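Reviewing the structure listed below.
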Amino acid sequence: MKQKLMPILILALGLGGANCKKETILITGSETMHTMLNVVASGYSNKAPDTKVEVQGGGSFEGIEKLFEGKTDIAASSRPLTPEEQVQLEKKGKFEGVLIGYDGIAIVVHPENPVSKLTLDQVSKVFSGEINDWSKLGGKPGPIHVLLRNDKSGTTAYFETHILRQRDLGEKAYQAAKKKEYISSAKIVTDNDSMADEIQKDPAAVGFMGMGNAQIQNKGKVKAVPYARTEKDPFVEPNIQNVSNREYKLARGLYLFYLSDRGKKIDEFVTYITSEEGQALVLKSGYLRSTLSTVEVEASKQ
């Protein structure tokens with residue numbers, strides 16, 4: 001009798017393990033960080049097979065809003081919190097903000113577009129509509145078709161302040177340009193992949209996206225244009241080496257925000273992404289490790 005019961009007992013135990021429900025960590029937010037977080041989540045699943053990490057996009061604003069509403073565990077953001085957002089989060093309880101990497105912002109065009117370099121002032125005038133023909137930038141004559149991410153994008157918010165409104169040229173330039181708006185005819189796209197698809201189809205299009213998105217996820221669909229703050233500065237291509245040695249000036253930090261009383265599983269995942277193994281996956285995804293102290297976090301700092 002005992003011999004017959006043993007296989008049944010083993011089968012029951014096996015089924016019980018197979019039906020064990022995984023704990024889920026939901027990360028919502030930055031489209032720039034989406035692919036990188038999926039890569040890290042995959043690596044983490046090998047370390048913690050009892051935990052599932054689910055990554056959703058929507059933009060940095062969306063992630064932070066969902067964190068306010070208690071609809072996500074972690075907000076992924078390609079910009080720091082605003083003072084108002086910090087106050088809102090403090091009302092929810094103690095929160096943590098962790099820098100997990102750095103990314104350059106690339107100005108992207110069609111791969112066959114002959115434009116070979118752009119200054120900050122030129123880019124600002126393109127996205128405001130003051131420059132509306134490629135011939136004024138060394139390209140073939142024809143209208144410029146501006147593409148933008150939606151207003152929930154952290155990259156769009158950063159770009160608006162630092163490039164469109166020229167904060168990276170100093171306070172005087174910013175005060176003169178702080179009322180600038182994006183051109184009203186700009187086409188709005190939902191995410192970086194959609195922007196790359198539009199540019200691939202339209203040789204007259206221009207947009208911007210994270211360096212990792214441009215050079216890894218959408219390689220071949222877009223061309224990243226070398227950039228300089230002024231004509232006197234060297235024109236530099238956005239890549240890991242140029243951001244890490246501070247030669248490419250258009251760079252920003254990437255963050256995770258979360259409430260610290262929501263369980264140890266969240267803390268364990270954040271510990272993993274900032275560990276040597278997690279940071280190697282960040283680098284593999286085309287972004288810079290947060291541990292590189294030489295990186296220029298804010299382009300406005302010299």
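Please say if segment 197-258 is rounded, prolate or oblate, where rounded means a/c under 1.5 for a ≥ b ≥ c the square roots of the C-alpha gyration tensor eigenvalues, and otherwise the choice is prolate for a/b larger than b/c and oblate otherwise? It is oblate, given that a/c is not under 1.5 and a/b is not larger than b/c. Let me know the shape class of segment 104-244, please: from the alpha-carbon gyration tensor, a ≥ b ≥ c as square roots of the eigenvalues, rounded when a/c is under 1.5, otherwise prolate if a/b is greater than b/c, or oblate. Because its axes are fairly even, with a/c under 1.5, segment 104-244 counts as rounded. One Cα centroid belongs to segment 197-223, the other to segment 79-110; the line between them spans 24 Å. By the rule of a C-alpha distance below 19 Å, with chain neighbours fewer than 8 residues away ignored, the aspartates and glutamates paired with K21 are D50, E54, D73, E268. What is the sum of charges, Lys and Arg at +1 and Asp and Glu at -1, for the other residues whose Cβ falls under 12 Å from the Cβ of L281? For residues surrounding L281, the net value is +1. What separates the Cα centres of segment 43-58 and segment 125-157 is a distance of 37 Å. Of the trypsin sites (Lys or Arg not before Pro) found in segment 27-74, the ones in coil according to DSSP and having at most 15 other Cβ atoms within 10 Å of their Cβ are K71. Give me the percent of DSSP beta bridges within segment 104-244 that run antiparallel, rounded to the nearest 5. Restricted to segment 104-244, the bridges split so that about 55 percent are antiparallel. When the chain is treated as a Gaussian network with alpha carbon springs shorter than 10 Å, the biggest mean-square fluctuation among V39, V225, V55 belongs to V39.
Counting only other residues whose beta carbon sits under 9 Å from that of K178, what net charge do I get with K and R as +1, D and E as -1?
Local charge sum for K178: +4.
Taking the Cβ-Cβ separation of I183 and L26 as r and a Förster radius of 35 Å, what is the calculated FRET efficiency to the nearest 0.05? Result of the calculation: an efficiency of 0.45. Helix content alone sets the calculated 222 nm mean residue ellipticity of the chain: runs of n ≥ 4 DSSP H residues at -39500 (n - 2.57) each, divided across all residues, give -10500 deg cm²/dmol.
With K and R counted +1 and D and E -1, the other residues having a Cβ less than 12 Å from that of G63 yield a net charge of -2. Compute the FRET efficiency between Q175 and S116 as 1/(1 + (r/R0)^6), taking r as their Cβ-Cβ distance and R0 = 25 Å, and round to the nearest 0.05. Given R0 = 25 Å and the Cβ-Cβ separation, E is 0.20.
Quick note: the coordinates plus some simple rules give every number you see, no bench work behind them. Only a predicted model underlies this, so the values are computations on that prediction, with no experimental measurement involved. Heads up, the Cβs are rebuilt from the backbone with ideal geometry, glycines too, and the neighbour counts pull from every protein chain shown.
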